[in-house]
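Asks: Questions regarding the structure given below will be posed in turn.
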Amino acid sequence: FTLNFTLTNLQHTTDLDAPSSRKFISTEKVINHYIDPLFKSSSISSVYAGCKVMRFRSVRRRDGTGVDAVCSYKNDISVARFDREMVYHELSTMTNGVTKLGHYSLEKNSLYVNG
């Protein structure tokens, strides 16, 4: 599934466009450091396999940075089908109404979960 959100206190720079750059790699590690615990305490925790940041994008005249990630989970017949609305609501709650992700600030209406 895809996960998209916008960080309002991370200025987008050109080195965030290059997946092999130090800035991209270190920022992805920090993002995953904050995202993984959320999913591990969510309704999909038993099947959650991880997220990979695919790209960072410039938003609002470079005042913020959009994050596009692909997350995966193991198919398990004992778990009900993936419910993107439920996952969205859980993430929304765990990020203080889509406002905080660790030391990052989130743009309130930027969270998107696509199953």
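The values are calculated or read from the model by the stated rules, or taken from the named source; none is laboratory data. Keep in mind it's a predicted model, so treat the numbers as computed, not measured. In this analysis, Cβ positions are derived from the backbone assuming ideal geometry, glycine residues included, and neighbour counts consider all displayed protein chains. Surface areas here come from the heavy atoms of the whole protein model, side chains and all, with no ligands, DNA or RNA. Shrake-Rupley method; radii C 1.70, N 1.55, O 1.52, S 1.80 Å.
Asks: For the range 2-114, what is the accessible area per residue in Å², given a 1.4 Å probe and the full set of protein chains?
Replies: So the range 2-114 comes to 57 Å² accessible per residue, rounded to a whole number.
Asks: Could you go through the range 84-98 in sequence order and give the Karplus-derived ³J(HN,Hα) for each residue, using 6.51 cos²θ - 1.76 cosθ + 1.60 with θ = phi - 60°, rounded to whole Hz, and x for Gly and Pro?
Replies: Working through the residues one at a time gives 5, 5, 5, 4, 4, 5, 5, 5, 4, 5, 6, 10, 6, x, 6 Hz.
Asks: About its Cα centre, how strong a charge dipole does the chain have in debye, to the nearest 20, once Lys and Arg get +1 and Asp and Glu get -1 at the Cβ?
Replies: Dipole size: approximately 260 debye.
Asks: Rg/Rh for the chain to two decimals, with Rh computed the Kirkwood way over all alpha-carbon pairs.
Replies: 0.97
Asks: Separate question: How far is helix 22-40 tilted, in degrees, relative to the longest principal axis of the Cα atoms in the chain, given as a value from 0 to 90 rounded to the nearest 10?
Replies: 30 degrees
Asks: From Cα pairs below 8 angstrom and at least 6 apart in sequence, can you work out the relative contact order of the chain, rounded to a whole percent?
Replies: Relative contact order here is 40 percent.
Asks: Over the range 1-103, what percent of the accessible surface lies on carbon and sulfur atoms, probe 1.4 Å?
Replies: The computed percentage sits at 51.
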